Each structure stands twice: as C-alpha cells, then as structure tokens.
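A.B. asks: Starting off with a structure, shown below.
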C-alpha cells in the first residue's frame, strides 16, 4: 500500500498538538486564537 510521508507527519504533529492540550477543544481554540493575535494574521471566516 502506498504511504504519503508528508500526510503521516501532519497527522503525527496534529495528534501531538491535541494531546498536549489533553484533547480539550476549548484550550486548543484559545491557543490558536492567541497565536493568531500575536502573528497579526487573520483567518478567513466562511
């Protein structure tokens, strides 16, 4: 079976990130909002 190394790395990093917040979605969102504010970049809303 074909394996995409880039996707595997993304999945691993995403899992580590979520685990670092004990899979708490509110904490993850708070962290991302804080990072967004520091970066001065906006995330487009749908």
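The values are calculated or read from the model by the stated rules, or taken from the named source; none is laboratory data. Everything numeric here is computed off the predicted structure, so don't read it as measured data. Here the Cβ positions follow ideal geometry from the backbone for every residue, glycine too, while neighbour counts run over all protein chains shown.
A.B. asks: Is there a residue being surrounded by 10 or more Cβ atoms within 10 Å (Cβ to Cβ) and either outside any helix (DSSP H, G or I) or at pLDDT below 95 (or both) anywhere in the range 4-22?
C.D. replies: yes
A.B. asks: Report yes if residue 33 is modelled with pLDDT under 95, surrounded by 10 or more Cβ atoms within 10 Å (Cβ to Cβ) and outside any loop (DSSP other than H, G, I, E, B), otherwise no.
C.D. replies: Numbers: modelled with pLDDT under 95: yes; surrounded by 10 or more Cβ atoms within 10 Å (Cβ to Cβ): yes; outside any loop (DSSP other than H, G, I, E, B): yes.
Yes, satisfied.
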